[in-house]
Amino acid sequence: MTYLFNDPADFATEAVAGLALSHPEHVAVVHGGVVRATETPKGQPALVIGGGSGHYPAFAGWVGPGMGHGAPCGNIFSSPSASQVYSVARNAENGGGVVLGFGNYAGDVLHFGAAAEKLRAEGVDVRIIKVSDDIVSNSPENHRDRRGIAGDLPVFKIAGAAIEAGADLDEAERLAWKANDATRSFGVAFDGPTLPGAEDALFHVPDGQMGVGLGIHGEPGVREEPIGTADDIAAMLVEGVLAEQPERAEGGYQGRAAVLVNGLGTVKYEELFVVYAKVAELLEQAGITPVRPEVGELVTSLDMSGLSLTLVFLDEELEQHWLAPVDTPAFHRGAMPPVDRPRRTSFWEAGADETPASSEESRAAAAKVAGVLELFESVCAREEAELGRIDAIAGDGDHGQGMAYGSKGAAAAAREALEAGAGARTLLVRAGEAWSESAGGTSGALWGAALIAAGSVFDDQAGAEPRTVVDAVDAGIDAVQRLGGAQVGDKTMVDAAAPFREALDAAFTGDDAAAAILQAAQVAREAADATADITATLGRSRVLGEKSIGTPDPGAISFSILMKELGQHLS
């Protein structure tokens, strides 16, 4: 039970404020989360780590020298929005690029990815690390497609130590992935967490049973088994993790491992120590030496009753960074080198950026882009009811409204950008952000990311050619596929966008973008209509499965409509 709160809707924000007030030497509040209270050294990569609130000390408790430079903090168990991630990254970055790190959950992948698109469109080099240590959530050969749980801590600790030691962006990314690929976790739950203001837990486990294979967002285990003794549970966890122990090799893994026994919120330290005593014994029997073990509440789930075991199979390089000093509100180790760390005196705020200088040619291109967005606004308003009707059959009914809200917000942002003298790149970036914020939801985030990615093709100092238009459309579709993760056949917008992209590339000969887009739009509409015969496996219709047959995907339909209107407009 969560006892101490005011308005439940403000719980996450108030918790972040209290953290910063209690650790002013470490962190400062910015829109969307926290950043270090000291400046990021010029040219140093910024490690921005985050996710939903409710997991303290993850993630805001890990901001400080030797670990994170900032942490976006979403609502309880919810991904931070793209604007929150962007705000924290803008405040943390200082010329060295950004590593965005988070657990591998769909919402985090989408919103961190959308923020990355905007940062890249502005010239910032961004790398993405999705922690995926949970062994029950996918097969060993698909390790990078698993969930992230307590493995967040060692992966970010190792990456942060490498950056503190002088790693550049490429090296930090390499070591973060290396740490992730060496990390395995397995956990159990005895009862679910209770959200602030809720009357009951998100799930319960029958008396005398435990859920095996927990998530950290209130997901129950993948199966239930009788609760054994502490030694029984330790043996099960060790056996599960060691099933994926790598081969020992000269110059590589030699039987040394970082070990974490993590409490999820209710299991107390003495209980965890009892479990660790058996874990240590079993590891010794397996010929494994624990290296600087950590036992305690490391990645929690509010008041969830459960625990997990994490092992990082170390080589010499990973061990060096695992043992390095760190100084954050919740995680300390050793003494940091006596480096001058000036306190921050200013912070980036949304809306505070001046409009970048632009050429007359780029402003003319921006005016044409704004005209396209005005068109999209009117088309989405016209189609809102029909798209909502389709979505009510095959999903949650809000697609028409989301497209109307998103396009309206984007068109308004474009008008404001034009009045401020923005070039085409800046206008599209601002319009994309506005679409995402105005629409919300998955489609809002994807359309916003598409506009931002399209903006990266334009230049505030140059005009636009037919090739620019085609490349911008191509970049937008690439962002949708990359961020959404959908493939053709999943019954999503991609079922229309992917064939559109192929047809556009084939039809465009270098001088008539409008004709090529119109030709590709016909292909997209045929593909969108054909989604009526597909059983949804992803996106808004997936929960209905077979019931979605007979109804086309509304995201695919809306995409094909807008591309036809775009081709006609350019003609």
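The values are calculated or read from the model by the stated rules, or taken from the named source; none is laboratory data. Just so it is clear, the model here is predicted, and its values are computed rather than measured. Please note: Cβ atoms are built from the backbone with ideal geometry, for glycine as well, and neighbour counts cover all protein chains shown.
Can you tell me which residue within the stretch 69-83, out of those that are touching a Gly at 6+ places or on another chain (Cβ under 6 Å) and buried (at least 21 other Cβ atoms within 10 Å of the Cβ), is farthest from Ser346 (Cα to Cα)? Here the answer is Phe77.
Ala422 meets the conditions (1) small (Gly, Ala, Ser); (2) under 26 Å from the mean Cα position of the chain (by Cα); (3) more than 27 Å from Ala515 (Cβ to Cβ) in every case but one. The failed one is (2).
Are any of the residues in the stretch 276-284 over 30 Å from Tyr3 (Cα atoms) and among the β-branched types (Val, Ile, Thr)? Yes, the stretch 276-284 contains at least one residue that is over 30 Å from Tyr3 (Cα atoms) and among the β-branched types (Val, Ile, Thr).
Conditions tested, residue by residue: (1) over 28 Å from Leu119 (Cα atoms); (2) at pLDDT below 95; (3) not assigned by TED's automatic domain parsing to the domain that holds Tyr276.
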position	(1), (2), (3)
Leu307	yes, no, no
Ala324	yes, no, yes
Thr328	no, no, yes
His332	yes, no, yes
Pro337	yes, yes, yes
Thr345	no, yes, yes
Trp348	no, yes, yes
Gly351	no, yes, yes
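On the given criteria, is Val29 under 21 Å from the mean Cα position of the chain (by Cα), closer than 20 Å to Phe347 by Cβ, among the aliphatic types (A, V, I, L, M) and surrounded by fewer than 21 Cβ atoms within 10 Å (Cβ to Cβ)? Answer is yes for this residue.
If you take the residues of the stretch 490-537 that are of a type in the set (Gly, Ala, Ser) and assigned to a loop (DSSP other than H, G, I, E, B), which of them is nearest to Gly444 (Cα to Cα)?
Ranking the candidates gives Ala536 first.
Of the residues making up the stretch 431-443, those that are surrounded by fewer than 24 Cβ atoms within 10 Å (Cβ to Cβ) and either within 15 Å of Tyr86 (Cα to Cα) or not β-branched (Val, Ile, Thr) (or both) are Glu437, Ser438, Gly440, Gly441. Applying the criterion of being within 30 Å of the chain's Cα centre (by Cα) and assigned to a strand (DSSP E or B) to the residues of the stretch 242-277, the residue that is farthest from Ala58 (Cα to Cα) is Ala257.
To keep it simple, each residue is scored yes or no on (1) in the same structural domain as Ser132 (by TED's automatic domain parsing); (2) within 28 Å of Lys130 (Cα to Cα); (3) small (Gly, Ala, Ser).
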site	(1), (2), (3)
Ala189	no, yes, yes
Pro196	no, yes, no
Val222	no, yes, no
Gly228	no, no, yes
Leu237	no, yes, no
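Going by what's in this entry, would Gly409 be described as part of a helix (DSSP H, G or I), touching a residue at least 40 places away in the same chain (Cβ under 8 Å) and crowded, with 21+ Cβ neighbours inside 10 Å?
Numbers: part of a helix (DSSP H, G or I): yes; touching a residue at least 40 places away in the same chain (Cβ under 8 Å): no; crowded, with 21+ Cβ neighbours inside 10 Å: yes.
The answer is no for Gly409.
Does Val222 satisfy the condition of being surrounded by 20 or more Cβ atoms within 10 Å (Cβ to Cβ) and touching a residue at least 12 places away in the same chain (Cβ under 8 Å)?
Spelling it out, it is not the case that Val222 is surrounded by 20 or more Cβ atoms within 10 Å (Cβ to Cβ) and touching a residue at least 12 places away in the same chain (Cβ under 8 Å).
Of the residues Gly123, Gly97, which single one is surrounded by fewer than 20 Cβ atoms within 10 Å (Cβ to Cβ) and either at positive phi or assigned by TED's automatic domain parsing to the domain that holds Val241 (or both)?
On the way: Gly97 fails: surrounded by fewer than 20 Cβ atoms within 10 Å (Cβ to Cβ).
Exactly one residue qualifies, and that residue is Gly123.
For the stretch 26-43, a residue qualifies if it is of a type outside the set (A, V, I, L, M, F, W, C) and part of a loop (DSSP other than H, G, I, E, B), and the qualifying residues are His26, His31, Gly32, Glu39, Thr40, Pro41, Lys42, Gly43.
Of all residues in the stretch 454-491, those satisfying the criterion of being under 23 Å from the mean Cα position of the chain (by Cα), crowded, with 18+ Cβ neighbours inside 10 Å and touching a residue at least 60 places away in the same chain (Cβ under 8 Å) are Gly455, Ser456, Ala479, Leu483, Gly484, Lys491.
Only one of these is within 25 Å of Ile557 (Cβ to Cβ), modelled with pLDDT of 95 or more, crowded, with 23+ Cβ neighbours inside 10 Å and aliphatic (A, V, I, L, M): Leu375, Leu451, Leu427, Leu387. Name it.
Going through Leu375, Leu451, Leu427, Leu387 in turn, just one is within 25 Å of Ile557 (Cβ to Cβ), modelled with pLDDT of 95 or more, crowded, with 23+ Cβ neighbours inside 10 Å and aliphatic (A, V, I, L, M): Leu451.
Scanning the stretch 159-191 for residues that are in a loop (DSSP other than H, G, I, E, B) and more than 24 Å from the chain's Cα centre (by Cα) returns Ala165, Gly166. Can you find even one residue in the stretch 348-364 that is surrounded by fewer than 16 Cβ atoms within 10 Å (Cβ to Cβ), of a type in the set (Phe, Trp, Tyr), within 30 Å of Ala434 (Cβ to Cβ) and touching a residue at least 40 places away in the same chain (Cβ under 8 Å)? Checked the stretch 348-364: no residue is surrounded by fewer than 16 Cβ atoms within 10 Å (Cβ to Cβ), of a type in the set (Phe, Trp, Tyr), within 30 Å of Ala434 (Cβ to Cβ) and touching a residue at least 40 places away in the same chain (Cβ under 8 Å).
For the stretch 204-216, the criterion of being of a type in the set (D, E, K, R) and outside any loop (DSSP other than H, G, I, E, B) is satisfied by no residue at all. Among the strands (runs of 3 or more DSSP E) confined to the stretch 44-94, the ones with at least 1 residues that are of a type in the set (A, V, I, L, M, F, W, C) are located at 46-49, 70-76. The set of residues in the stretch 413-424 that are surrounded by fewer than 21 Cβ atoms within 10 Å (Cβ to Cβ) and without any contact (Cβ under 8 Å) to a residue 60 or more places away in the chain comprises Arg415, Glu416, Leu418, Glu419. Under the condition of being out of contact with any Gly (no Cβ under 9 Å at 6 or more places or on another chain) and either over 19 Å from Phe186 (Cβ atoms) or of a type in the set (A, V, I, L, M) (or both), the residues counted in the stretch 285-305 number 2.
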